[in-house]
Each structure stands twice: as structure tokens, then as C-alpha cells.
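A.B. asks: I have a structure I would like to understand better, so I am pasting it below and will then ask my questions one at a time.
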2 protein chains.
Amino acid sequence: MELDFSKLDGLIPAVIQDYQSGRVLMVGFMNEEAFRKTVETGYATFYSRTRNKLWLKGETSGHRLVVKEISADCDLDTVLVKVEALGPGVCHEGYQSCFFRRLDGGAWKESETRVYDPKAVYGN
Amino acid sequence: MELDFSKLDGLIPAVIQDYQSGRVLMVGFMNEEAFRKTVETGYATFYSRTRNKLWLKGETSGHRLVVKEISADCDLDTVLVKVEALGPGVCHEGYQSCFFRRLDGGAWKESETRVYDPKAVYGN
């Protein structure tokens, strides 16, 4: 039973969920190598579609995602990774979760405050 | 502030999460029309990549997903939809969640039992 990377040109979506609170923190994409590295190292590793290379989450910020459990869906084309998130926030914009905007009256509105200053972590 | 449908040929991933338990139930894809219908009708609607058409989740089974809250991520290319799932299970294979297989010792193993008989709901 192998994951099916064929539907999105070699990638599968990976949903990252806090293993304690259940909050969905981000969604990234993994190719086969990123998935293998995630399993082997115990740290979530993605394939960056904009940079076209593997991306160890937290390699710059230190905010790594420690893998606690991995599940696959019925079609074997999506994974759910429960993690312990190191650092105050997962989002590179300074929020705990990348899903910090809520649809409210037809517009996206920030639904929470920043937990860290992204400039202090990532520079400019 | 508009969703960015350009990265996956007109589609964005939509993570479906139970609004009470926090369980991730499934991941589908939406095109702009599916997203609009989801917002307008209050029922999660996807774009089926295999059937190449809109797909109102539950149109066959009755197991609709009632939208409670929609969030977008920092890049505006993924949505998180919190729902009340009507019916015993979301997965067409008879499970509460599509993520019913857990990675265990390098292999995918069923980590829960079926909650309904898919043949009784979907026929053959």
C-alpha cells in the first residue's frame, strides 16, 4: 500500500495538525522524498513549489514540526501529520496557525493576533 | 483579498474538520465555483478531479457537510472548513474520517472500524 503521488505531478497535500489542541496549523506539499525524510527524521519536510526544492520546516526559524503520528486518507493521496510545533508559531507571517483569516460577511478578516515578530525571526 | 486558484490549475485544497471534535475528516479540492457554492449554500461542495465536475458532498449518501466556519491560509491558496457532518461517516469507504489508516512500523494500518456499510449507502 503506497502513497499515490501521481495526481498532482509528484506531490501530495500534507495537513499539519497540532497533536494536542487539534488545531490545523498549515497545509504543505510533499513529494516522495519529502515524505520519506519526514518519516526518517521525525521532522516535517515539504517540497516548496515556489523554490522547487525540499524544505525542512523550521530550517531558518528553528520552528520545527516534530512528527507524532501520520495518517493517510482512503485514496492514499493525502496525509495528515500530527505534530508538536516547536516555537511560538507555524506561520511565517507570525501567527500560531497559517489559517489566521476567517470569512466574515464575505471578506477575509484576521481572526487572531500575531504571536511573534516575523522580522525578528526571518529578517527582511 | 481573493483566493489564489492559480497554483493548482484552478483548484485549492480544502481541509474539512469537524467543528466540535476537531478531527480532520477529509481533504477535497475546490475550484472557484465550488468555493462560491460552498459559501452560498452552506454545504461543502468540491470539484471532483476524477469526474471533472462539481460535487456536492452527500448528494448520493445524504452525508452532507454543514459549513460552520471557513478560514484561509496566509498565501490564500488553501481553505479550512469547519463543518457539522451529517450522517455517521464522511468517507465513502464507511469510516468516520477518510484518514483511517495510520503509519505503523513503515506500513499503513487501519486504525479504526467502519461506522456504516458503504454498500448499503452507495450500492455496488
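The values are calculated or read from the model by the stated rules, or taken from the named source; none is laboratory data. The model shown is predicted, which means the values in this text are computed figures rather than measured ones. Neighbour counts are summed over all protein chains in view; Cβ atoms, including those assigned to glycine, are modelled from backbone coordinates with ideal geometry. Calculation scope for accessible area: heavy atoms of the full protein, side chains included, ligands and nucleic acids excluded. Shrake-Rupley method; radii C 1.70, N 1.55, O 1.52, S 1.80 Å.
A.B. asks: For residue B:38, which of the numbered conditions (1) over 18 Å from residue B:9 (Cα atoms); (2) open to solvent by 40 Å² or more (accessible area, probe 1.4 Å); (3) hydroxyl-bearing (Ser, Thr, Tyr) fails to hold?
C.D. replies: Status for residue B:38: all satisfied but (2).
A.B. asks: Between a residue in segment B:1-29 that is among the β-branched types (Val, Ile, Thr) and any residue that is modelled with pLDDT under 95 and surrounded by fewer than 24 Cβ atoms within 10 Å (Cβ to Cβ), which pairs come within a Cβ distance under 9 Å, given they are 6 or more apart or on different chains?
C.D. replies: Within 9 Å, no pair qualifies.
A.B. asks: Quick check on my filter: what residues within segment A:83-101 are facing chain B (nearest Cβ under 9 Å) and within 15 Å of the chain's Cα centre (by Cα)?
C.D. replies: Those that are facing chain B (nearest Cβ under 9 Å) and within 15 Å of the chain's Cα centre (by Cα): A:91, A:92, A:93, A:95, A:97, A:98, A:99, A:100.
A.B. asks: Okay, moving on. Before we move on, is residue B:33 more than 20 Å from residue B:122 (Cα to Cα), exposed (fewer than 13 other Cβ atoms within 10 Å of the Cβ) and of a type outside the set (Gly, Ala, Ser)?
C.D. replies: yes
A.B. asks: Still on this structure, I have one more. Could you check residue B:33 against (1) within 14 Å of another protein chain (Cβ to nearest Cβ); (2) closer than 27 Å to residue A:99 by Cβ and say which number it fails?
C.D. replies: Among (1) within 14 Å of another protein chain (Cβ to nearest Cβ); (2) closer than 27 Å to residue A:99 by Cβ, residue B:33 violates only (1).
A.B. asks: Could you grab me the full set of residues in segment A:94-110 that are surrounded by 15 or more Cβ atoms within 10 Å (Cβ to Cβ) and either out of contact with any Pro (no Cβ under 8 Å at 6 or more places or on another chain) or among the acidic types (Asp, Glu) (or both)?
C.D. replies: Within segment A:94-110, A:95, A:97, A:98, A:99, A:100, A:101, A:102, A:103, A:108 qualify.
A.B. asks: State yes or no: is residue A:71 within 8 Å of another protein chain (Cβ to nearest Cβ) and either touching a Lys or Arg at 6+ places or on another chain (Cβ under 8 Å) or open to solvent by less than 20 Å² (accessible area, probe 1.4 Å) (or both)?
C.D. replies: Considered against the rule, which asks whether it is within 8 Å of another protein chain (Cβ to nearest Cβ) and either touching a Lys or Arg at 6+ places or on another chain (Cβ under 8 Å) or open to solvent by less than 20 Å² (accessible area, probe 1.4 Å) (or both), residue A:71 comes out as yes.
A.B. asks: In addition: For the condition at the interface with chain A (Cβ under 10 Å from one of its Cβ atoms) and either touching a strand residue (DSSP E or B) at 6+ places or on another chain (Cβ under 6 Å) or in contact (Cβ under 8 Å) with a residue 24 or more places away in the chain (or both), what is the one hit in B:104, B:77?
C.D. replies: Of the residues listed, the single one that is at the interface with chain A (Cβ under 10 Å from one of its Cβ atoms) and either touching a strand residue (DSSP E or B) at 6+ places or on another chain (Cβ under 6 Å) or in contact (Cβ under 8 Å) with a residue 24 or more places away in the chain (or both) is B:77.
A.B. asks: Residue by residue through segment B:107-124, note down the ones that are out of contact with any Lys or Arg (no Cβ under 8 Å at 6 or more places or on another chain) and either under 18 Å from residue A:73 (Cβ atoms) or among the charged types (D, E, K, R) (or both).
C.D. replies: B:107, B:112, B:113, B:114, B:115, B:116, B:117, B:118, B:119, B:122
A.B. asks: Sticking with this one: Please go through segment A:36-51 and give me each residue that is more than 13 Å from the chain's Cα centre (by Cα) and more than 13 Å from chain B (Cβ to nearest Cβ), ordered by number.
C.D. replies: A:37, A:41, A:51
A.B. asks: I would also like to ask the following. May I ask you to list the residues in segment A:1-19 that are touching a Lys or Arg at 6+ places or on another chain (Cβ under 9 Å) and either open to solvent by 50 Å² or more (accessible area, probe 1.4 Å) or of a type in the set (Val, Ile, Thr) (or both)?
C.D. replies: Selection gives A:1, A:7, A:16, A:19.
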